[in-house]
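The values are calculated or read from the model by the stated rules, or taken from the named source; none is laboratory data. All of these numbers come straight from a predicted model, not from anything done at the bench. Using ideal geometry, Cβ is built from the backbone for each residue, glycine included, and neighbour counts are taken over all protein chains shown. Note: areas computed on protein heavy atoms with side chains; ligands, DNA, RNA excluded. Shrake-Rupley method; radii C 1.70, N 1.55, O 1.52, S 1.80 Å.
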Amino acid sequence: MGLRFSGAWLPALIAIVGFLALPFGRPGRPFLTIDPNLYGWAIGHPLLWLVLASALAALVISLLKLPTSPRGDLLVVAGAVGLGAGVLWLLLTATPFGMGALVAATGMALVLGHALSESGRVQGDAFIATSILIVSLFVLLFIIYPLFMVLRSAFVIEGAFDLSQFRRTIGHPLFFFLENPRSAIDEVGLTLRWGVVVGLLSAGWALFRRQRLPVVLARLVLGGVLGLILGAMFYGRGALPTSLLTVAIVAPACTLLGLAFALLGQRSRFRPVRRSLDVISVLPIITPPFILAFAMIFLLGRRGIITHGVFDISSNWIYGIPGVALAQILAFTPIAYLLLRGSISSLNPALEEAAQTLGAGPWTTLKTITWPLVRPGLAAAFLLSMIESLADFGNPMILGGDRNFLATEVYLSLTGRYNAHEAASYGVVLLALVLLAFFVQRWWLGGGSFVTVTGKPSGGALAPIPRAIEVLLSAVLVVWTLFVASLYVSIVVGSFAQLWGVNYSLTTRHYRDFMTAGWPVFLYTARVAAISAVPAMLLGFLVAYLVSRHRFWGRRFVEFGSLLSFATPGTVMGVAYIFAFNTGPWLLTASATIIILALVFRNMPVAIRAAVAGLAQIDPSLEEASTMLRARSFTTLRRVLFPLLVNTLVTGLIFAFVSAMTAVSQVIFLVSPGNQLATVLLLGWVEQGQLGRAAAMGTILIVSMLLTILVVLALAQRISARVVRVES
Amino acid sequence: MDNASTVIRGITPATVDLRGLVKRFGKDVLAVDDVDLFIERGELLTLLGPSGCGKTTILRLIAGLERPTEGQILIDDDDVSRLPAYLRDITMVFQSYALFPHMNVFENVAYGVRVAGRPQEEIRERVAEALAMVGLEEYAQRSTSALSGGQQQRVALARALVIRPRVLLFDEPLSNLDAKLRKRVREDIRELQQRLGITSVYVTHDQEEALAISDRVVVMNQGVIEQIGSPHELYTRPATRFVADFIGSANFLPGRYDGRVVDVLGYQRPHEQDLPSGPVTVMVRPEAIEFARPGEEGFEATYLSSAYLGPVTEFIFDVTGVEVFATISGSGMSRAERGDSVRLRFKDVGVSLLPPD
Ligand SMILES: Nc1ncnc2c1ncn2[C@@H]1O[C@H](COP(=O)(O)OP(=O)(O)OP(=O)(O)O)[C@@H](O)[C@H]1O
Ligand SMILES: [Mg+2]
């Protein structure tokens, strides 16, 4: 029993060859050049000799005839020393890594993976141990490190901790100012009044509820503070109050609408209503996040069909908070709906039936049973809408008008004012707000791992909602659907109209423009998205598998990392990648590589969720049975889990592809003239007022995404049908 | 499974030695608490105990699906405590069978040989051999979902045997079968295990199943071993009140023992057991009580109630203020009235002493 040789011999050999044959660093040179001065042995730094020495030691130890576990322990030391020494050298000298460093580091990481498994320090075989190690390193390098660089850039100036830049940013009127000398009203006075009024109201309510005096006083203070914040949001100017006020409008609206739709979707008496909700839930996936804002210009702008055409008003009212809020409500309600659908459908119908047999009418049942059970779902939907609204970039760019938002300021301060420290400071504020919302949600909902919680619908017939409410909700849904449908239609129409609002005669001019200016970009984007989707899906699946099926040291860290990459606003991740990978030891020269990596780690959480949901359906003893039949875990993945999860994996793959196609905020920093992306170009066209061409591109994007989803889903169904046929 | 001529070649059973085994889950759950256990070559050893006592955990520790917090696991004197599961030459039959739903019977059984990279010819041969052993030759091309529970169970067994494990682990393999079938399948398993001489560890919480199938039984409670012994030893000489109660039922009566004679309910009885003199708890199986014939020694009891169960009748008597249960064959006192006085005696087997409570 046991292994004669350690499996680490091969990666150790690879590390040695990589070290000897390829240059270790590449200051100022493209990745693939070979410069004899940059070989690890030519540089001759002690740390680099240590890398070589530990690789050699690892090779020798692997081939020694020793008991498996102690040999593994020795190899753990060799692998860790080799990997650590190489990374330390890169960090200390800030030399961009070269091919040799990449190969040697990969080799040593594999040595360490084998060693961790063979020594028994990680439960699982070499594949599992290596995967855990690599996933953790990825989380560290591509999620934690870039965010750390944002913090550093905000607070460290020329190597010293320095708050002045951060203070300058948040003291600047672009960030926040209350008293506007040019306005007729007295903002500070009004804000104070809000504080007093809300404070008194909340204390009054406490008195009315016959609370004790200390409680009443506490309510007075809390209410006062809340009133001041509300007042400052309302009267203040600058990115902070603007973003917060938008959130205060968007989050409740999305939650309520999402709840209404979820109730309808699960319990409406009419099939068509339920069907149309399925469509609504797909829309945000296939649409770039800002496309509705763009369509709103067609309907509600200065020359909008509704505003100008029907009511004959020509106003700019949609530019600013109202327009952005409306666009965000349209864009994020489906997300709230999806969350709440899970929570409504996981309600156990038996509970409601029980309540009804105990004499509760539909109203009472809704109030005493349903409401308390959906409350956590509501909290989740509320906070997710908050996060989305705060992080949203495209809608404020298009409809922000003269108001500035936190997410757009990150971009504008870097690309407009060329101030990296300021961009980082905005990034820190935005990140802090989003993470605050995120952790408040987790604290509120208690425990529950982000990765492993899934809502599985339980069967059974649900009680219909009271008829009066159903009619009301259906009316809301109809208005919503009509509005959204006319937005989509207006994009299609706009792509064929000569000049929107002036000349509606049909033309294919915009499509011809698109073909010359946009088509190559579109193809390039599709290629980049496809390239990023595969690793995003595989990595997401791997993370889901490791986290839900294995217990290991650092599991929390991996979970936390994927949560961070999910919660971090795209613009913040965008600047973070600039800071992390445009200079320094991890320099990635080709910006396509950075774009792809950004998309991979951005979309990984989507794939994780899909895979976790799929894995939850599979009895873990199937994998254990495979292990017991002496299959390595990679074999188990390939022969047992993959065939059973084809559907899930394909779905995860399309979602990763489509969200890479439609992503904008995290890649807008990373594009360069040779690496332009479709959504970024589209945004640029809208901003320049080239609406016809933008509409043509928008139409093509939406139609092609829709086709992709339909075709691939049909294929996946065929494949899984075949698997099932084999089964029966 | 009556094809007695088919025996899987190449199985070399191993011994398993657990030393000071401890398994914690998190900080609070102590699932296995300092267990020492030696499993002989070729024996069938059963882990028996109430739900949550740590049986499955021990099995998974031996299998390598869990890592011990402390202690060692030796297989044929090799310390495998830190060895990954796939290097251990052990296999397991799962409670849920864990048959792969996307493979037919043949592919399920072939799996272990296939992933070992054996040639096609050998795979076919070994699968045929294993299926013959469990009497399912005809079913090779069936989907696993088109089999009855008992057949699925046998596929799982064939799938485990095909890789010629040195130790075979069973986790409540019969709990998904109905009572009648359970009895047949357990006899089949026992017969096959003895024929192959394969070292087996069998987990159950059904005491009857444990007694019927095992060479030795380990009774566990809350992560510790209460007693190890043959089924007969456990039943007749339980070491603790827990064991006596868990295996069969028993009366526990206060008594005194002086090394030769036990004094219980005012009734002196010669008894030999390795226990210090002094107060003891006397365990009396209900079927060890019978009516004393006239002239025989015995003790007075008051009849309280009875329930007629066909082959036996269950009685409750009062003996000097202590309630005593007895199951007595025949329908002796069918017309007895509450309060009637009777004379009872103990049989030779079924009385054993425990340390006092
Ligand atoms: N993965 C785990 N994480 C935390 N606690 C666990 C885990 N597995 C088992 N336990 C706990 O360890 C104890 C022993 O569990 P085990 O499954 O070994 O019991 P068992 O004797 O097999 O019970 P049963 O007859 O119900 O199968 C239980 O208290 C159980 O809750
Ligand atoms: Mg169990």
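Brief remarks on what is shown
- Among the residues of region B:266-278, none qualifies, meaning not one is in contact with a His (Cβ under 6 Å, 6 or more places away or on another chain) and open to solvent by less than 60 Å² (accessible area, probe 1.4 Å).
- The set of residues in region A:383-415 that are open to solvent by 10 Å² or more (accessible area, probe 1.4 Å) and either among the charged types (D, E, K, R) or not assigned by TED's automatic domain parsing to the domain that holds A:Leu326 (or both) comprises A:Glu388, A:Asp392, A:Asp402, A:Arg403.
- Residues of region B:38-51 include none that is over 23 Å from B:Ser175 (Cβ atoms), of a type in the set (S, T, N, Q) and either touching a strand residue (DSSP E or B) at 6+ places or on another chain (Cβ under 9 Å) or more than 9 Å from ligand 1 (Cβ to nearest atom) (or both).
- Residues that are open to solvent by 20 Å² or more (accessible area, probe 1.4 Å) and of a type in the set (Val, Ile, Thr) within region B:16-56 comprise B:Val29, B:Thr56, listed in sequence order.
- Extreme residue, farthest from A:Gly400 (Cα to Cα), among residues of region A:159-170 that are open to solvent by 60 Å² or more (accessible area, probe 1.4 Å) and modelled with pLDDT of 80 or more: A:Phe161
- Residues located in region B:92-102, provided they are within 7 Å of chain A (Cβ to nearest Cβ) and of a type in the set (A, V, I, L, M, F, W, C): B:Met92, B:Phe94, B:Ala98, B:Phe100
- Among all residues of region A:368-379, there is none that is open to solvent by 10 Å² or more (accessible area, probe 1.4 Å), outside any helix (DSSP H, G or I) and at pLDDT 70 or above.
- The strands (runs of 3 or more DSSP E) found wholly in region B:156-263 and carrying at least 3 residues that are within 16 Å of ligand 1 (Cβ to nearest atom), in contact with a strand residue (DSSP E or B) (Cβ under 8 Å, 6 or more places away or on another chain) and outside the structural domain of B:Glu323 (by TED's automatic domain parsing) occupy B:167-171, B:199-204, B:216-221, B:224-229.
- Scanning region A:632-680 for residues that are polar (S, T, N, Q), outside any helix (DSSP H, G or I) and open to solvent by less than 30 Å² (accessible area, probe 1.4 Å) gives A:Ser665, A:Gln666.
- A Cβ distance below 7 Å, combined with a sequence gap of six or more or placement on separate chains, defines the contacts here; from region A:488-500, residues that are touching a residue at least 60 places away in the same chain (Cβ under 8 Å) reach residues that are β-branched (Val, Ile, Thr) and open to solvent by 30 Å² or more (accessible area, probe 1.4 Å) in the pairs A:Ser490/A:Ile305.
- For region B:66-84, the set of residues classified as touching a helix residue (DSSP H, G or I) at 6+ places or on another chain (Cβ under 7 Å) and surrounded by 21 or more Cβ atoms within 10 Å (Cβ to Cβ) consists of B:Pro68, B:Ile73, B:Arg82, B:Leu83, B:Pro84, listed by residue number.
- Count of region B:196-205 residues, restricted to those that are open to solvent by 10 Å² or more (accessible area, probe 1.4 Å) and in contact with a helix residue (DSSP H, G or I) (Cβ under 8 Å, 6 or more places away or on another chain), is 2.
- For the residues A:Val196, A:Val250, the requirement of being open to solvent by 70 Å² or more (accessible area, probe 1.4 Å) and assigned to a helix (DSSP H, G or I) singles out A:Val196.
- Listed by first and then second residue, the pairs with beta-carbon distance under 8 Å, at least 6 apart or on different chains, first residue in region A:507-519 and assigned to a loop (DSSP other than H, G, I, E, B), second open to solvent by 20 Å² or more (accessible area, probe 1.4 Å), are A:Thr507/A:Phe496; A:Thr507/A:Gln498; A:Thr508/A:Phe496.
- The residue list B:Asp89, B:Asp77 contains one member that is modelled with pLDDT under 90, more than 8 Å from chain A (Cβ to nearest Cβ) and away from ligand 2 (no atom under 16 Å from the Cβ), which is B:Asp77.
- Within region B:43-58, residues that are within 15 Å of B:Ile189 (Cβ to Cβ) have Cβ atoms under 8 Å from residues that are part of a loop (DSSP other than H, G, I, E, B) and more than 9 Å from ligand 2 (Cβ to nearest atom) in these pairs: B:Glu43/B:Asp215; B:Leu44/B:Ser214; B:Leu44/B:Asp215; B:Leu45/B:Ser214; B:Leu45/B:Asp215; B:Thr46/B:Ser214, counting only partners at least 6 apart in sequence or on another chain.
- Scanning region B:170-183 turns up no residue that is touching a residue at least 12 places away in the same chain (Cβ under 8 Å), within 16 Å of B:Ala130 (Cα to Cα) and either in contact with a Phe, Trp or Tyr (Cβ under 9 Å, 6 or more places away or on another chain) or open to solvent by 10 Å² or more (accessible area, probe 1.4 Å) (or both).
- The number of residues in region B:93-139 that are part of a loop (DSSP other than H, G, I, E, B), among the hydrophobic types (A, V, I, L, M, F, W, C) and crowded, with 18+ Cβ neighbours inside 10 Å comes to 7.
- Cβ pairs under 9 Å, 6+ apart, first in region B:201-216 and within 16 Å of B:Leu59 (Cβ to Cβ) and charged (D, E, K, R), second open to solvent by 10 Å² or more (accessible area, probe 1.4 Å) and within 12 Å of ligand 1 (Cβ to nearest atom): B:Asp206/B:Glu172; B:Asp206/B:Ser175
- Region A:610-631: number of residues that are part of a loop (DSSP other than H, G, I, E, B) and either facing chain B (nearest Cβ under 7 Å) or modelled with pLDDT of 85 or more (or both): 5
- Filter result for B:Asp17 (farther than 24 Å from B:Gln207 by Cβ, more than 9 Å from ligand 1 (Cβ to nearest atom) and either acidic (Asp, Glu) or within 14 Å of chain A (Cβ to nearest Cβ) (or both)): yes
A quick yes/no check of all residues on (1) in contact with a Gly (Cβ under 9 Å, 6 or more places away or on another chain); (2) away from chain B (no Cβ under 14 Å); (3) open to solvent by less than 50 Å² (accessible area, probe 1.4 Å):
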| site | (1), (2), (3) |
| --- | --- |
| A:Val76 | no, no, yes |
| A:Leu91 | yes, yes, no |
| A:Phe97 | yes, yes, yes |
| A:Ala109 | yes, yes, yes |
